Amino acid sequence: MMMLFFAFTGWEVGAGAAEEFKNPKRDYPLAMLLSFALATALYAAIAILAQQVDLTGRYEAPFIVIVTPLLGPMGGVAVALVAVAIMYANLVGALWGVSRLVFGLAREGNLPSALAVTHDGRPRRAVFATLTALMAVVVADWLADFGLETMLKLSGQNFVILFGVAAGSLLILAKTRWDRWLAGAVAILVAGLLALQGLALVYPLALVAVVALRQLMRSRARASAPVARAGG
């Protein structure tokens, strides 16, 4: 389930870069809707094409089987080149969006303030920190041989948790009944999916607990600060 869910992630990365839009209120929702529509159309087209060919025993490279009747022996090369281009675009997009998320968290005090420093308007330190984390995962996989399937499952699981946290936040901040119903439904769905993960949840939920505890401590510190000043 979590490995399959990974295929439907990616739109949320744009949220971290929303403030870089010229007109975020108009452009960001439009970009999200258009990208969702395009991805859905591509997925549907691929599903239809996959039904037209015999993929028995070829599940590891289905696209080669699909394009070979059209491109012949060069089909495999074409698929490989497109795959490399897609992976490069994916990594660039992830570094762009996630580094802005890291920058925003640091600016709000949830990460070290050094990551909120910009150079000519670019959060280079946040980009470097994001790239370092990515390379650390690559090295860890090389040393421990986690396997692609395991890494995709963990990544998909983390996205589900992220969506659950977002739903919980919306449930608290919602101003309309529709938003509350939507947030509650998503939170229940996420809880049901995560209930099936067992021990795999230990590490991400520990991170969520640490962040929640930190936020609670900060909130209490802010609440007690005026009292302390008054007493002084």
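Check residue 111: other-chain or 5+ apart residues with amide H under 5 Å from its amide H, H built from backbone geometry?
106
In the full protein assembly as shown, how much of residue 163 is accessible to a 1.4 Å probe, in Å² to the nearest 10?
My reading of the accessible area for residue 163 is about 60 Å².
Compute, for residue 161, the solvent-accessible surface of its heavy atoms (probe 1.4 Å) with the complete set of protein chains present, and express it in square angstrom to the nearest 10.
For residue 161, the solvent-accessible surface is approximately 20 Å².
Shape verdict for segment 126-168, please, from the Cα gyration tensor: rounded (a/c under 1.5), prolate (a/b greater than b/c) or oblate.
Here segment 126-168 falls in the oblate category.
Would you list the membrane-span-like helices of the chain, meaning whole DSSP H runs whose alpha-carbon atoms span at least 24 Å along their axis and whose mean Kyte-Doolittle value is at least 1.0?
Span-like helices here: 24-50, 75-107, 124-144, 148-173, 177-194.
Please state the charge dipole magnitude for the chain, taken about the Cα centre, from unit charges on C-beta atoms (+1 on K and R, -1 on D and E), reported in debye and rounded to the nearest 20.
Roughly 1240 debye, rounded to the nearest 20.
Please work out the average accessible area per residue across the chain, using the 1.4 Å probe convention, and give it in Å².
The answer is 72 Å² per residue.
Rounded to the nearest percent, how much of the accessible area of the chain (1.4 Å probe, protein heavy atoms only) is carbon and sulfur?
C and S atoms contribute 73 percent here.
Give the residue from 103, 197, 81 lying farthest towards the positive end of the charge dipole for the chain; charges sit on Cβ (+1 for Lys and Arg, -1 for Asp and Glu) and the dipole is referred to the Cα centre.
Going by the Cα projections, it comes out as 103.
Rounded to the nearest 500 deg cm²/dmol, what is the calculated helix-only ellipticity per residue at 222 nm for the chain, with -39500 (n - 2.57) per DSSP H run of length n ≥ 4?
Calculated from helices alone, the mean residue ellipticity at 222 nm is -25500 deg cm²/dmol.
So, in Å, what gap is there between the alpha-carbon centers of segment 64-87 and segment 14-62?
That distance is 19 Å.
At 1.4 Å probe size, what's the solvent-accessible area of residue 87? Round to the nearest 10 Å².
For residue 87, the solvent-accessible surface is approximately 110 Å².
The values are calculated or read from the model by the stated rules, or taken from the named source; none is laboratory data. Small disclaimer: the values here were computed from a predicted structure and weren't measured. Note that each Cβ is placed from the backbone with ideal geometry, even for glycine, and that neighbours are counted across all protein chains shown. Areas reflect the complete protein model, heavy atoms only, side chains present, ligands, DNA and RNA absent. Shrake-Rupley method; radii C 1.70, N 1.55, O 1.52, S 1.80 Å.
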